[in-house]
Amino acid sequence: MEYLLAVVLFAVSSSVTPGPNNIMVMTSGLNFGVKRSLPLLAGICVGFTLMLLLVGVGFSQLFDLFPFLHFIIKCIGVLYLLYLAYLIARSAGNLESNEQHQPFTFLKGALFQWVNGKAWVVATGAVAAFTTAGTNFYSQIVMISTTFFAVSFPCVGVWLLFGSLLKNALNSAKSRMIFNYTMSALLVLSVIPVVKEVVQQIS
């Protein structure tokens with residue numbers, strides 16, 4: 001019971017704290033509402049669960065054998081996060097236009113996990129902290145992944161609801177533009193530690 005409680009607390013704290021997933025979900029909730037953003041929310045939760053399973057089963061060993069693969073994914077992740085920040089900022093400038101912007105899909109939410117630096121840290125941290133070598137290793141991985149799957153929906157969903165509630169408060173084009181630019185800037189800031197790590201590895 002204590003082991004399960006520890007996993008749950010880790011899952012809650014890592015899922016509900018600010019990060020690229022939650023910033024993206026909150027921005028989508030503001031711009032498109034809860035209903036249209038549900039596929040993105042589901043994609044994030046399902047995608048991270050699958051990622052955690054694969055990392056636990058073998059990806060971590062693969063990265064130990066071929067460290068450059070992790071570096072390549074990290075570089076791609078930085079570029080993709082910056083691209084998402086650009087998309088959020090660009091949508092801020094088009095709030096008064098007739099162009100209909102679409103929220104990110106389930107597939108994009110799921111694939112986003114593979115280039116999300118925080119997701120990698122949480123996945124590898126969970127595997128390292130809550131598994132032990134032996135016959136129960138794979139059952140532990142399944143339990144950890146199931147826990148994250150159950151916990152991530154309400155934890156990330158809170159950010160979606162918060163963004164949707166802000167939709168009423170930010171009822172002018174200018175206020176939404178400021179919000180989107182702020183979220184774009186926060187997303188860029190979340191990438192800075194990873195950028196520094198990439199630069200250090202190159203130098």
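Bear in mind that the values in this text are calculations on the coordinates, not laboratory data. Just so we're clear, the structure is a prediction, and the values are computed from it rather than from any experiment. No Cβ is skipped: glycine too gets one built from the backbone with ideal geometry, and neighbour counts run over all protein chains shown.
Structure note, pairs LYS35/LYS74; LYS108/LYS167; LYS35/LYS108; LYS118/LYS167; LYS74/LYS108; LYS74/LYS196: Cα-Cα distances above 21 angstrom occur for LYS35/LYS74; LYS108/LYS167; LYS118/LYS167. Can you pull the one-decimal nm distance between simple spin-label points at ALA42 and GLN201, each 7 Å off the Cα toward Cβ? About 3.4 nm, to one decimal.
Describe numerically, in nm with one decimal, the distance between label points set 7 Å from Cα along Cα→Cβ at ALA169 and at ALA129. The answer from the label model is 3.0 nm.
Placing pseudo-labels 7 Å out from each Cα toward the beta carbon at LEU50 and ILE192 gives an inter-label distance of 3.4 nm. Put in order of Cβ neighbour count within 10 Å, fewest first, the listed residues LEU107, LEU82 become LEU107, LEU82.
Ordering LYS108, LYS35 by the number of other Cβ atoms within 10 Å of each residue's own Cβ, fewest first, gives LYS35, LYS108.
At an R0 of 25 angstrom, the distance between the Cβ atoms of GLN61 and VAL12 translates into a FRET efficiency of 0.35. Among CYS155, CYS75, the ranking by other beta carbons within 10 Å of each residue's beta carbon, starting with the fewest, stands as CYS75, CYS155.
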